[in-house]
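Quick notes on the structure that follows.
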Amino acid sequence: MSRPESPKSGADATRPAPSPPSAPDPRPALTDLPLDDFDVLAELPGARKFTPKQIRAWVWQRGARNVDAMTDLSKPLRAALNERYRVRRSALSSTHPSNDGTLGVLSRLDDGEVIESVSIPEERRHTLCLSSQVGCAVRCSFCASGQQGVTRNLSAGEILEQILLVRELRPELPLSNYVFMGSGEPTHNLANVLAAIRVMNADEGLGIGARRITVSTVGNPAALTKLAEEPIPFHVALSLHSPEDAQREQLMPGLGRSDLRASLAAARERFERNHRRLTIEVAVMAGVNDDTRTGHALIELLRGYPAIVNLIPWNPVDGLPHRAPEAAKVDALADQLGAAGLTTTVRRPRGQDVGVACGQLRRHAH
Ligand code: SAH
């Protein structure tokens with residue numbers, strides 16, 4: 001983010017400093033390297049057999065922010081590494097603390113884009129909401145993230161650096177849960193999301209148990225099948241929002257054709273194969289899907305289906321054509337579903353005072 005005002009050495013001090021290069025740093029970031037690819041670092045001049053493991057531990061366990069911090073590598077080896085690689089590619093831009101303990105974190109990517117992560121401490125867990133893309137192509141009519149469409153995918157390293165950053169910002173609050181519920185549709189950036197999850201889950205990476213990771217998706221059937229093929233058994237949350245395909249297509253214009261039955265069948269296959277938790281998410285909006293008719297249709301669709309239904313009272317976003325539901329209506333919907341045998345939870349809104357609920361922060365703060 002900040003560039004040195006003047007070159008560190010070799011410059012004539014009487015001449016004005018050359019303007020900083022505008023091209024982004026061409027060196028690949030170590031956070032983008034798949035864990036096995038660290039082996040290539042054994043070929044660096046001055047490297048020993050165990051050098052790749054040492055560097056990998058510096059990046060993922062010891063949290064080095066730059067090569068100079070890797071003090072047990074020889075100076076020439078550090079210089080060789082530094083010439084070819086940087087450690088990270090994003091930097092903290094700003095933090096937004098909420099009264100309820102939620103912390104919104106904006107980081108700046110090396111091309112100037114800004115992404116948002118949200119740290120949500122609760123009594124017995126501390127959840128980090130991760131972004132997977134800059135913007136989102138699904139453009140849900142109620143969601144702040146996609147209103148400008150999608151700018152680009154995040155690399156695996158950019159996804160993972162959100163975790164490193166929040167660990168550094170809140171060392172006293174160890175993270176316990178990781179949800180891909182920031183901006184972006186994870187299945188539109190599946191290769192990088194899965195690469196990030198592999199590093200998250202591996203012992204040589206961040207050592208996070210699969211059951212602590214949730215991928216939230218609009219649930220295209222083919223994408224769900226691909227998720228089912230991934231051997232790491234992370235949780236999946238399916239953003240349903242409506243029990244009717246036509247209404248889903250209206251609410252989620254970038255979704256394409258909605259085929260709920262195919263999506264639910266694909267998600268069920270994944271659930272049954274892994275015996276993992278599947279959540280159905282419904283963002284509840286006044287006059288859209290907060291009535292008993294919606295409740296009946298949800299019950300018809302989900303009867304006997306092995307999932308937890310999570311009702312998310314809509315978090316107001318300036319300029320979007322929706323209204324928050326009355327709490328009593330959300331409770332009545334939860335009761336209706338519960339009485340029909342569907343396990344149902346209602347999500348408490350967090351971070352509303354600083355606008356970090358569901359992708360609102362980035363819109364206001366950059
Ligand atoms: N693209 C992924 C992740 C989105 S964020 C997905 O669609 O699942 C996680 C959940 O929050 C999604 O269900 C999303 O629809 C919901 N959401 C987004 N904006 C919201 C808002 N303003 N209020 C309530 N829920 C919202």
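Name the most mobile residue of Ala79, Ala69, Ala328, meaning the one with the largest mean-square fluctuation, in a Gaussian network model of the chain with Cα contacts below 10 Å.
Evaluated over the chain, the most mobile residue of the options is Ala328.
What 222 nm value per residue comes from the helices of the chain, counting each DSSP H run with n ≥ 4 as -39,500 (n - 2.57) and dividing by all residues, nearest 500 deg cm²/dmol?
Taken over the chain, the calculation gives -9000 deg cm²/dmol.
Please report, in whole Å³, the volume per residue of the convex hull around the C-alpha atoms of the chain.
So the per-residue Cα hull volume is 151 Å³.
Looking only at trypsin sites (Lys or Arg not before Pro) in DSSP loops with at most 16 other Cβ atoms within 10 Å, what is the longest site-free stretch of the chain?
Longest stretch, sites excluded: 126-256.
Kindly state, to the nearest 0.05, the FRET efficiency for Arg65 paired with Val346, given R0 = 51 Å and r defined as their beta-carbon distance.
After rounding, the FRET efficiency stands at 0.80.
Percent antiparallel among DSSP beta bridges with both residues in the range 92-365, to the nearest 5?
45 percent
How much FRET efficiency would the formula 1/(1 + (r/R0)^6) give for Val40 and Gln247, where r is the Cβ-Cβ distance and R0 is 56 Å, rounded to 0.05?
0.65
Please give the FRET efficiency for Arg261 paired with Leu92, using the beta carbon to beta carbon distance and R0 = 45 Å, rounded to the nearest 0.05.
0.55
Describe numerically, in nm with one decimal, the distance between label points set 7 Å from Cα along Cα→Cβ at Asp318 and at Arg48.
If labels sit at Asp318 and Arg48, their model points lie 5.7 nm apart.
Taking GluC sites (Glu not before Pro) as candidate sites, keep only those in a DSSP loop with at most 10 other Cβ atoms within 10 Å, then name the longest stretch of the chain containing none of them.
For GluC sites (Glu not before Pro) (loop position, at most 10 other Cβ atoms within 10 Å), the longest site-free span of the chain is 173-366.
Among all the aspartates and glutamates, which ones have a C-alpha under 16 Å from Lys226's C-alpha, if same-chain residues fewer than 8 places away are not counted?
In chain and number order, the partners are Glu185, Glu269, Glu272.
Express in nm, to one decimal, how much length is gained between Glu300 and Glu204 on full extension, taking 0.36 nm for each residue of separation and deducting their alpha carbon distance.
Full extension from Glu300 to Glu204 adds 30.0 nm.
Bear in mind these aren't lab numbers, they're just calculated from the coordinates by the rules spelled out. Since the model is a prediction, treat every value here as computed from it, not as a measurement. Cβ sites come from the backbone with ideal geometry, for glycine too, and all protein chains shown count toward neighbours.
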